[in-house]
């Protein structure tokens, strides 16, 4: 299998703090790759370096054969890498249907398109796809409600749907189940395992080991800015280094 | 050389006023997180405190004019003169500096009412809403002042003894004939001491320390269990009083009229932005810097090369600073970056 | 029913045009049926509708849009002086020149967002205002303002053989004087422009482009990570609204061929913000409504004086009459701005959605009162938020 994302030698410091030191990571096409690690290990920083929110001090991020460093977030999106945020980032003042249309339009229109005389109602293909994706995520019944008015769990599923509708080559998920009740967590796991998403390449940052072991094909462990090991769930479970890293940390997991 | 000295003094003078207004504005930004478009109106109210106080002191009664003997003539004589003779006259003469003591409680009251009655409800609203509601308030204050004091500027003289000019030329070893109005020198000294007082207050009192901590990181301070909200009222009051004092003492320099606040508001916003939102030191530095720049831009030699530069220099600097260094001279990261 | 009508563009346009063009008739009972005022309604309606495309859709609060109005007026007057007294070239040029200025100012200002953006636009506006009074006096004629004179070249008119024999010529549209029909012709020209302007705004509101602008207002960060380069979107909205302002400025000059820098003062920019807020930010018809209401009451209130107040309260007993006059007089005449400021504050505090929100609440209330339909989403709601559904 070929690597779709290659992170090599990435360093990032904030002030004197080494958030990431010499991180190397390869994501294979089609796999679900989980990154785990204690709080403050640099997981979110790593994602931010991939999608253009942060620029690493050194190292390279290559996605689908192209260098991503220094690229604007919108260009990275069009390259096919889409991120789902930990705090749901949706459009609170738009209806759910519109929330879905925006990413669909991004896919079609590119980074900028001036079409003030086109009618929204006439966008049949986009509307259809938006409705269908909402339905897949059991949100279609809310389609004319405002994004800001639905529950937090629904918002997170909405954001997931907004990512999926763009058919990304790689989906980056930042703690997709954090703060969710067990019921919602299970629903999210099911969604991520569903036909529509199971073959999609995914990187998941997660604390919940139940989620990690239900989904991941491979797992990398990030501790204090270092990737200490990468392997299959079985390998990770039995790795003494991982145990040490987790047991050595505080109990705040 | 002579011209340059005068321009430096002019610039420092203007800069003093800008710094005082901007200081209050940035204090409100930094601690309360509120964009106050009515701040210029507070400066204007300060100036009108001087006017009002003068009017109160000169409440008069018709008294028979003894110097005219042909017929019964009457003249308006202030009660103060009737009661206390020369002492009364002296008090009236000193009405502007004395009105400081009148302005402080008045402005404090205005500030507290404004914060409790209006601003408080806008802490959680968008900046755009804050701008809009305070803009409306500024119009209201302005129109009320106009209703009572009319539309024309009201000359408010400084005390007789400092109405002349100081021989600054001789003092600096330059041209003997070079003079500068005393009152403007006093204003400069006054603004410097108010700035010093505000900084000392914030630096050396516990209250000030909490305020500074709140400016640096509001959430942490709230986590410490310190009730920041209650202190906001006081901070707003201080900002109001500082703006008011800047206005009181400015009255002899620029006869107050009802829309002087709007003119100063735009300028002081520019000052705050150039200094860096929420940076007290930045506001003072930028105030004096822009005052000086404006003075030098209005020199004939400069205008000959760059016509009209005196009119736009401040805005030009603001645009350049905002585009090149959006945080201003001394602003911190992340302040007011939506 | 209402929902259906409001979702159909041709029907909306039909109703809007009918209401605008019949304004001279239905405004008669309100005492607003004279061309001067009607023209103001239309022109400031255009200004506010355009401003709403920027502020209402993207949420970027510009405090400098009067600059573009002023530039439009200057351009139009120059077109009357140099080219022709026909207003069509003047209006087109006004829009183009304002658009160019908006492009430059917008490009620079939009490098920042939030309050920094507001202050940048304010700084540019103040610069333009100061320069109009100083360096650009040869173009703007400084404090006197730019005026026509009999000696102006008017190249196109001269070529067409139109000579001016006596006095200053009047503006026209292909030969029909703007002042003809007792001035109503001027109103109808402005009204047609308003209808076109409203139609374009309606199309933008209901286009993918318009929805993207609303999405930027809602969550700009999300927009960027969704694959949109937000800056060109914002700049386009800025330029469009600048051109609307230019059109309004050009129309003002077409009706009264004068241009002065006071039109560019930042308090004038504040006025258009006020109109938009009062009517309802981000709604289709709100800004137009706000502009009309403000201009209407400005006209009535600012003309009132104490003796007229005495007439109005004539029906009261003498003591009450005096009392009412004393209470009301600070709010009218010169004090009109006080009323305006108060109304503005009240709207921002209690009704951030403006009159449209008020109407919406009222509809909702009536519906609930009569138990019609359980849903609270009313017709006005659809216009303001759910354009796509």
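The values are calculated or read from the model by the stated rules, or taken from the named source; none is laboratory data. None of these values were measured; they are calculated from a predicted model. So basically every Cβ, Gly included, is an ideal-geometry build from the backbone, and we count neighbours across all protein chains shown.
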Worksheet item: Being more than 10 Å from chain A (Cβ to nearest Cβ), in contact with a strand residue (DSSP E or B) (Cβ under 7 Å, 6 or more places away or on another chain) and crowded, with 20+ Cβ neighbours inside 10 Å, is that true of even one residue in the range C:185-195?
Response: yes
Worksheet entry | All positions within the range A:14-40 that are out of contact with any helix residue (DSSP H, G or I) (no Cβ under 9 Å at 6 or more places or on another chain) and at pLDDT below 85 | A:15, A:16, A:17, A:18, A:39, A:40
Discussion item. Looking at the range B:218-225, can you tell me whether even one residue there is closer than 28 Å to residue B:285 by Cβ, part of a helix (DSSP H, G or I) and either within 14 Å of another protein chain (Cβ to nearest Cβ) or within 20 Å of the chain's Cα centre (by Cα) (or both)?
Written reply: no
Practice prompt. Look at residue B:29 and say whether it is closer than 29 Å to residue B:279 by Cα, modelled with pLDDT under 90 and in contact with a helix residue (DSSP H, G or I) (Cβ under 9 Å, 6 or more places away or on another chain).
Written response: yes
Practice prompt. Using the structure shown, decide if residue C:253 is farther than 18 Å from residue C:53 by Cβ, assigned to a helix (DSSP H, G or I) and touching a strand residue (DSSP E or B) at 6+ places or on another chain (Cβ under 7 Å).
Written response: yes
Practice prompt. Those residues that are more than 12 Å from chain C (Cβ to nearest Cβ) and farther than 16 Å from residue A:207 by Cβ, I need them from the range A:168-185; list them, please.
Written response: A:169, A:170, A:171, A:183
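For (1) surrounded by fewer than 16 Cβ atoms within 10 Å (Cβ to Cβ); (2) in contact with a helix residue (DSSP H, G or I) (Cβ under 9 Å, 6 or more places away or on another chain); (3) more than 14 Å from residue B:29 (Cβ to Cβ); (4) within 12 Å of chain C (Cβ to nearest Cβ), each residue gets a yes or a no:
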position	(1), (2), (3), (4)
B:276	no, yes, no, yes
B:280	no, yes, no, no
B:292	no, yes, yes, no
B:298	no, yes, yes, yes
B:310	no, yes, yes, yes
B:315	no, yes, yes, yes
B:319	no, yes, yes, yes
Practice prompt. Would you point out which residue out of C:246, C:282 is modelled with pLDDT of 85 or more and either in contact with a strand residue (DSSP E or B) (Cβ under 6 Å, 6 or more places away or on another chain) or not in a helix (DSSP H, G or I) (or both)?
Written response: C:282
Worksheet item: Checking residue A:53 against (1) assigned to a loop (DSSP other than H, G, I, E, B); (2) within 13 Å of another protein chain (Cβ to nearest Cβ); (3) crowded, with 19+ Cβ neighbours inside 10 Å, which single condition isn't satisfied?
Response: (3)
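Conditions (1) away from chain C (no Cβ under 14 Å); (2) assigned to a helix (DSSP H, G or I); (3) within 18 Å of the chain's Cα centre (by Cα); (4) buried (at least 16 other Cβ atoms within 10 Å of the Cβ), marked per residue:
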{"position": "B:101", "(1), (2), (3), (4)": "yes, yes, yes, no"}
{"position": "B:107", "(1), (2), (3), (4)": "yes, yes, yes, yes"}
{"position": "B:146", "(1), (2), (3), (4)": "no, yes, no, yes"}
{"position": "B:152", "(1), (2), (3), (4)": "no, no, no, no"}
{"position": "B:157", "(1), (2), (3), (4)": "yes, no, yes, no"}
{"position": "B:210", "(1), (2), (3), (4)": "yes, yes, no, yes"}
Worksheet item: Which fully enclosed helices (runs of 4 or more DSSP H) of the range C:46-145 have 1 or more residues being closer than 12 Å to residue C:248 by Cα and touching a residue at least 40 places away in the same chain (Cβ under 8 Å)?
Response: C:66-82, C:87-109
Item to complete: Select from the range A:28-50 the residues that are in a loop (DSSP other than H, G, I, E, B) and closer than 18 Å to residue A:80 by Cβ and list them in ascending order.
Response: A:29, A:30, A:31
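Yes/no per residue for (1) over 27 Å from residue C:213 (Cβ atoms); (2) away from every other protein chain (no Cβ under 14 Å); (3) at pLDDT 80 or above:
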| residue | (1), (2), (3) |
| --- | --- |
| C:310 | yes, yes, no |
| C:339 | yes, no, yes |
| C:343 | yes, no, yes |
| C:347 | no, no, yes |
| C:365 | yes, yes, yes |
| C:369 | yes, yes, yes |
Response to the item:
Of (1) within 19 Å of residue C:72 (Cβ to Cβ); (2) modelled with pLDDT under 85, residue C:168 fails just (1)
Practice prompt. Name every residue in the range C:196-209 that is crowded, with 19+ Cβ neighbours inside 10 Å and more than 7 Å from chain A (Cβ to nearest Cβ), in order of residue number.
Written response: C:197, C:198, C:201, C:202, C:205
Worksheet item: When you scan the range A:165-231 for strands (runs of 3 or more DSSP E) that lie fully inside it, which ones turn up with 1 or more residues that are more than 16 Å from the chain's Cα centre (by Cα), surrounded by 17 or more Cβ atoms within 10 Å (Cβ to Cβ) and at pLDDT 85 or above?
Response: A:218-223, A:226-231
Worksheet item: Is it the case that some residue within the range A:103-120 is under 15 Å from residue C:214 (Cβ atoms) and touching a strand residue (DSSP E or B) at 6+ places or on another chain (Cβ under 9 Å)?
Response: yes
Discussion item. If residue B:178 meets every condition in (1) away from every other protein chain (no Cβ under 14 Å); (2) surrounded by 14 or more Cβ atoms within 10 Å (Cβ to Cβ); (3) not in a loop (DSSP other than H, G, I, E, B) apart from one, which number is that one?
Written reply: (3)
Practice prompt. Could you grab me the full set of residues in the range A:108-136 that are closer than 25 Å to residue A:150 by Cβ and either at the interface with another protein chain (Cβ under 7 Å from one of its Cβ atoms) or in a loop (DSSP other than H, G, I, E, B) (or both)?
Written response: A:120, A:121, A:123
Worksheet item: Based on what the data block shows, is residue A:81 over 20 Å from residue C:218 (Cα atoms), modelled with pLDDT of 90 or more and in contact with a strand residue (DSSP E or B) (Cβ under 8 Å, 6 or more places away or on another chain)?
Response: yes
Worksheet entry | Meets criteria (outside any helix (DSSP H, G or I), touching a strand residue (DSSP E or B) at 6+ places or on another chain (Cβ under 9 Å), touching a residue at least 24 places away in the same chain (Cβ under 8 Å) and more than 24 Å from residue A:168 (Cα to Cα)) for residue A:25 | no
Item to complete: Report whether or not residue C:268 is more than 30 Å from residue C:8 (Cβ to Cβ), surrounded by 18 or more Cβ atoms within 10 Å (Cβ to Cβ) and in contact with a strand residue (DSSP E or B) (Cβ under 7 Å, 6 or more places away or on another chain).
Response: no
